[in-house]
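The values are calculated or read from the model by the stated rules, or taken from the named source; none is laboratory data. This one's a predicted model, so the numbers in the text were calculated from it and none came from an experiment. So basically every Cβ, Gly included, is an ideal-geometry build from the backbone, and we count neighbours across all protein chains shown.
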């Protein structure tokens, strides 16, 4: 299409049309700018006026609804409902707006319409973990536990980030670890390990043992350090039989062969043939300042390796490691045997072994001879 601009009338007509279009665009841009400024003002009256300037904008009315619902000084669920209802009319395909509307209905006590809103949210976005999570928690609050936990389980299977909340809220609502395991959590090592950590940190050993049994029943490989918090809880609560059984199961799950110790010894890794696991029922070593640890040759006629400590000097170090927890039976006698040699230990406090019960300090408290000076070459001392 070609326009002739030879006459002054045509030129004036084009100029007028261009000016009108520019004015319209400037007006629209100004209106959008004003609406946006009002929506961000933090003033409810301005926010509502900004929303009015944006017809069909569900987000604007959802923001108005949240302002009414979450106002700490003067919340109004009924006004929030009106705003959310307008939001879903403007954009019925937003699961977020439907969930906001459901929460406002629930606050008003309109359970039926709240559930209908959750169902609309689910219909809009059936694969959403957030929808399933919020809908599931709503159902649990309404005491529809079976369906609520089923939806929570579905949400957690999709989004692992919801696991900690699922564990804490399910245990708070049901007070039954079996409900957590059977209905709310997916049967995965990750879910069970997080439940185990939650229960051990909250000092619930019996429930933690139940989770541990389920975890072991999965038959999946586990990294050994992942089991240490549970084992530390059993040790701290003076449950040596449970600790020993769990340790042996943890070793098997981590693909490590062997019983509690080497040969007839109850001490695990007593010959240092393996590197220190630094947890469980293996040796623990925290590398205090002024020391360096390594491995050396074992005493003559002894298999494995020796644990070597080198001291930088200049300070007396109060060492309590390397240390290991060893489950034993009460009322029985045990023979302790160890090999030790020293080289140029000049402090009054040398190297010795300390045998004690971490939970009953007065029951066992044995110190071996204090070794100082130098014992070189083959002259290892057995204590």
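Details
Yes/no per residue for (1) surrounded by fewer than 19 Cβ atoms within 10 Å (Cβ to Cβ); (2) free of Cβ contacts under 8 Å to residues at least 12 places away in the same chain; (3) not assigned by TED's automatic domain parsing to the domain that holds residue 223:
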{"residue": "98", "(1), (2), (3)": "no, no, no"}
{"residue": "146", "(1), (2), (3)": "yes, no, no"}
{"residue": "159", "(1), (2), (3)": "yes, no, no"}
{"residue": "175", "(1), (2), (3)": "yes, yes, no"}
{"residue": "183", "(1), (2), (3)": "yes, no, no"}
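- For the range 201-219, the condition of being on the phi > 0 side of the Ramachandran plot and in contact with a helix residue (DSSP H, G or I) (Cβ under 7 Å, 6 or more places away or on another chain) holds for none of the residues.
- The requirement of being more than 26 Å from residue 299 (Cβ to Cβ) and touching a residue at least 24 places away in the same chain (Cβ under 8 Å) is fulfilled nowhere in the range 267-278; no residue meets it.
- Applying the condition of being touching a residue at least 40 places away in the same chain (Cβ under 8 Å) and within 22 Å of residue 236 (Cβ to Cβ) to the range 308-330 and asking which residue is surrounded by the most Cβ atoms within 10 Å (Cβ to Cβ) yields 325.
- For the condition at pLDDT 90 or above, assigned to a helix (DSSP H, G or I) and either in contact with a helix residue (DSSP H, G or I) (Cβ under 9 Å, 6 or more places away or on another chain) or at positive phi (or both), residue 234 qualifies.
- Residue 150 vs. criteria assigned to a helix (DSSP H, G or I) and within 23 Å of residue 169 (Cβ to Cβ): yes
- No other residue among 111, 131 is at pLDDT 95 or above and surrounded by 19 or more Cβ atoms within 10 Å (Cβ to Cβ) apart from 131.
- Among residues of the range 294-307 being exposed (fewer than 14 other Cβ atoms within 10 Å of the Cβ) and touching a residue at least 24 places away in the same chain (Cβ under 8 Å), the one that is nearest to residue 345 (Cα to Cα) is 300.
- Only a single criterion out of (1) over 25 Å from residue 224 (Cα atoms); (2) in contact (Cβ under 8 Å) with a residue 12 or more places away in the chain is not satisfied by residue 333, namely (2).
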